[in-house]
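Input: a single structure, listed below in structure tokens.
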Amino acid sequence: MNKVCFFDTKPYDKIYFDQMKEQYGVEIEYFETKLGPRTAFMAKGYEAVVAFVNDVIDKETIAILYENGVRILAMRSAGYNNIDFKAAFGKIHIVRVPAYSPYAVAEHAMALLLTLNRKIHRAYVRTREFNFSLHGLMGFDLHGKTVGVVGTGKIGRVFMDICKGFGLNILAYDPYPIKDSDIKYVSFEELCRESNIISLHCPLTKDTFHMINQNSIKQMKKGVYIVNTSRGALINTEDLLNAIIEEQIGGACLDVYEEETELFYEDMSYTIIHDDVLARLISMPNVIVTSHQAFFTKEALHNIAETTLQNLREFFDDKILTNEICYQCNRGKPCSRDKNNRCF
């Protein structure tokens, strides 16, 4: 049995990993603490590490893991913007779960939009107190409105399919448009100008960092709704907050937040939150925030565990790493993977 340590463990993580670990020939030690420079030493004696999106996998963490014998780090997520790939290249292989359930994330995006627009969350609280007033609960028809979808990968396309069912007109922006599709692609600027709703379904890169900012918000229709189930740093949160206060933005549905690392997935209900921006956002009547839960379905958790364990099995069996990512690949440079080998 190959030994694996698992960081930032929550009770629901264990369910599917424990069901399948023997099948894939691994022994897992679960740690509740997040992975970072101060905790990386805990991986000593393990062949592999399983990590998550809010772990700190910087140069120092990579160095400590490598010194302690770790040669593969498996992300149980699609996102990997928290990894220093330059530091890892040539030392530790990085694998991920590229897709686990596009339906889970796309459905949650629509759930957020419907909830905020039709004030479902407020109606739920009212009726539990036998307050059946409709005052303040008015929404708008989605039918006939225009939704701008940023990113047309699997999740973005599933979200578009859902939008079609509501009779929404769909515009899309993606720097790498799908050829020979029926998707109506426009520039990001035109998408901002023409959309009543903008939903983000793209990865976080140097080009997409803070793509929703003061300048892009100025181009948007007054009263636009912003939906983000991708990565928090796609949005400059302070600019978003100011635009909500100024009533330029009519509503924000956020499953992610750029400073979420120390907050999301934890019970902070007995803690004073020192993040004034997040506190003010949550206090806004036209903002709904969920704690990075868009992926959180039974099907997605099963697929995450299965793919993560398969990624590890490929490494232990000296096979090609199907879902490997590396510094060279990310920069578009020649990589040994191009010759059907591992990245290094």
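The values are calculated or read from the model by the stated rules, or taken from the named source; none is laboratory data. Bear in mind that the values here come from a model prediction, so they are computed numbers and not experimental data. Note that each Cβ is placed from the backbone with ideal geometry, even for glycine, and that neighbours are counted across all protein chains shown. In case anyone asks, the SASA skips ligands and DNA or RNA and just uses the protein heavy atoms, side chains included. Shrake-Rupley method; radii C 1.70, N 1.55, O 1.52, S 1.80 Å.
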Hey, in the GNM for the chain with a 10 angstrom Cα cutoff, which one of TYR124, TYR80, TYR16 fluctuates hardest? TYR124
Accessible-area order for PHE7, PHE130, largest to smallest, probe 1.4 angstrom, reads PHE130, PHE7
Given a Förster distance of 45 Å, report the FRET efficiency between GLU67 and SER187 from their Cβ-Cβ distance, rounded to the nearest 0.05. 0.40
Using a 1.4 angstrom probe and counting only protein chains, how large is the accessible area of ILE28 in Å², to 10? 20 Å²
Once you have a ≥ b ≥ c as the square roots of the Cα gyration tensor eigenvalues for the stretch 205-336, tell me rounded if a/c is under 1.5, and otherwise prolate or oblate according to whether a/b is larger than b/c. prolate
For the stretch 233-326 the trypsin sites (Lys or Arg not before Pro) that pass both the DSSP coil test and the at-most-11 other-Cβ-within-10 Å test are LYS319
So if I place +1 on the C-beta of Lys and Arg and -1 on the C-beta of Asp and Glu, and nothing else carries charge, what would the dipole magnitude of the stretch 2-136 be about its Cα centre? I want it in debye, nearest 20. 520 debye
Among SER101, SER187, SER133: highest mean-square fluctuation, GNM of the chain, C-alpha pairs under 10 Å: SER133
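Does the stretch 60-178 classify as rounded, prolate or oblate by the C-alpha gyration tensor (a ≥ b ≥ c root eigenvalues; a/c under 1.5 gives rounded; else a/b over b/c gives prolate, otherwise oblate)? Spell out each step's value before the answer.
On the way: a/c = 3.98, a/b = 1.94, b/c = 2.06.
Oblate, because a/c is 1.5 or more while a/b does not exceed b/c.
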Charge dipole (debye, nearest 20) of the chain; +1 at Cβ of Lys and Arg, -1 at Cβ of Asp and Glu: 620 debye
Give the residue list of chymotrypsin sites (Phe, Trp or Tyr not before Pro) in the stretch 219-305 that are DSSP loop and have at most 11 other beta-carbon atoms within 10 angstrom. TYR270
Roughly speaking, to the nearest percent, how much of the chain's 1.4 Å accessible area is carbon and sulfur? 50 percent
Mind checking the dipole of the stretch 153-303: about its Cα centre, +1 per Lys or Arg Cβ, -1 per Asp or Glu Cβ, Debye to the nearest 20? 620 debye
Putting +1 on Lys and Arg Cβ atoms and -1 on Asp and Glu Cβ atoms, find which of ALA233, TYR176, CYS326 reaches farthest to the positive end of the dipole of the chain. TYR176
What is the spin-label model distance, in nm, from LEU134 to SER283 if the labels are put 7 Å beyond Cα along the C-beta direction? 3.2 nm
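When 1/r is averaged over all different Cα pairs and the result inverted, which Kirkwood radius in Å belongs to the chain?
Details: mean 1/r = 0.0464 Å⁻¹.
Answer for the chain: a Kirkwood hydrodynamic radius of 21.6 Å.
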Calculate one ³J(HN,Hα) per residue across the stretch 43-48 by plugging θ = phi - 60° into the Karplus curve 6.51 cos²θ - 1.76 cosθ + 1.60, and present them in order as whole Hz with x for glycine and proline. 7, 4, x, 10, 7, 8
Which whole-Hz ³J(HN,Hα) couplings does the stretch 130-140 yield from phi under the Karplus relation 6.51 cos²θ - 1.76 cosθ + 1.60, θ = phi - 60°, glycine and proline marked x? 6, 9, 9, 5, 9, 4, x, 9, 5, x, 9
With the charge dipole of the stretch 100-145 built from beta-carbon charges (+1 for Lys and Arg, -1 for Asp and Glu) about the Cα centre, the Cα from TYR100, LEU142, VAL125 projecting farthest to the positive end belongs to VAL125
Checked against the positive end of the charge dipole of the stretch 1-124 (+1 on Cβ of Lys and Arg, -1 on Cβ of Asp and Glu, about the Cα centre), the farthest of TYR30, MET20, ALA111 is ALA111
Sorting ARG118, ARG342, ARG128 on solvent-accessible surface, 1.4 Å probe, most exposed first, gives ARG128, ARG118, ARG342
